[in-house]
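The next block holds one structure in the form of structure tokens; read it before the comments.
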Amino acid sequence: MFPDSLRNAVPRIYEGKTYSAKEHYSDSSTYIFVPDYFNKTRPFQFVLWFHGWGNNIDSALAQYKLQQQFYAAHLNAIFIFPEGPKNSPDSYAGKFEKPDTFNFFMKDVNTFLLKEKIITKNIIPELIYAGHSGAYRAIAYLLLHSSFRCKAILLFDALYAEQEKFAMYLQQHSNCKMIDIYTDNGGTLQNSKNLAIDMLAWKWKFIDKEEEDCTANDLKNNRIIFLHSKKQHNDVVTSYNNFQRFLECLK
């Protein structure tokens, strides 16, 4: 995602504070986790996580227990977490907003996994995009530009904008699943409700339930799912181990 020419030229300024490219937009790290039960001879997926405002790879992994939840889901998948705007209040996805850049990134990831003999075929599997809060923008642009098939979109209080990109992808890819969990005060409630209203008018099938009432069968058997959470914005990933149970429904 970074370094990126735009943030190098035009720094992020938010509430009077400048977030320099050197400190916040120069880290090209990617965290990759391969669980010990991963079976490269069976069908598998790549799960890509994107963090929100004010976070980084290390802080998000710890705060949201991402690796623990991913491992517990027991999905035959590899977890991939590229660094975003590091410790910055910014949803900008850098180079991932441009055509082809993400495709090259995924090919590099695949080359690395092949070299390490973690996988055996030079084929990009289905992708699962997941993220919290400001991650919506990166995911939306990947849906717009990526050449790879997306199996599921998991939005954790993240539907701040770009609804048309999510809706268009879902319309064009009938096998892609979406789970959108939203809160009262996280800033995503109205957008989630509006998108559900649109889908109702389009005669799309979906469910809209309270988080605590949503069962494993609900998650497994419905393609488009809106969940209202009474939790706080930063709690929706770990509440009910949501990241884990959302992944479990994709088996």
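The values are calculated or read from the model by the stated rules, or taken from the named source; none is laboratory data. Note that the structure is predicted; figures quoted are calculated from it, not measured. Cβ atoms come from the backbone with ideal geometry, glycine included; neighbour counts cover every protein chain shown.
Summary of values
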{"item": "Residue list for the range 195-212, restricted to those being out of contact with any strand residue (DSSP E or B) (no Cβ under 9 Å at 6 or more places or on another chain) and assigned to a helix (DSSP H, G or I)", "result": "I197, D198, L200, A201"}
{"item": "Residue pairs meeting the criteria (Cβ under 9 Å; at least 6 apart or on separate chains; first within 14 Å of S174 (Cα to Cα), in the range 197-215; second assigned to a loop (DSSP other than H, G, I, E, B) and of a type in the set (S, T, N, Q))", "result": "K205/N222; F206/N222"}
{"item": "Residue match in the range 23-45 (condition: in a loop (DSSP other than H, G, I, E, B), closer than 29 Å to S239 by Cα and within 16 Å of the chain's Cα centre (by Cα))", "result": "no"}
{"item": "Of all residues in the range 72-113 being assigned to a helix (DSSP H, G or I) and among the charged types (D, E, K, R), the one that is surrounded by the fewest Cβ atoms within 10 Å (Cβ to Cβ)", "result": "D108"}
{"item": "Given (1) within 22 Å of Q67 (Cα to Cα); (2) among the charged types (D, E, K, R); (3) surrounded by fewer than 12 Cβ atoms within 10 Å (Cβ to Cβ), number of the condition D213 does not satisfy", "result": "(1)"}
{"item": "Test: residue in the range 45-61 that is at pLDDT below 95, out of contact with any Leu (no Cβ under 8 Å at 6 or more places or on another chain) and of a type in the set (D, E, K, R)", "result": "no"}
{"item": "Per-region count, the range 147-194, residues closer than 23 Å to G52 by Cα, assigned to a loop (DSSP other than H, G, I, E, B) and small (G, A, S)", "result": "4"}
{"item": "Positions within the range 223-238 being free of Cβ contacts under 8 Å to residues at least 60 places away in the same chain, crowded, with 17+ Cβ neighbours inside 10 Å and farther than 12 Å from Y182 by Cα, in sequence order", "result": "I224"}
{"item": "The range 1-22: number of residues that are modelled with pLDDT under 95, surrounded by fewer than 13 Cβ atoms within 10 Å (Cβ to Cβ) and part of a loop (DSSP other than H, G, I, E, B)", "result": "1"}
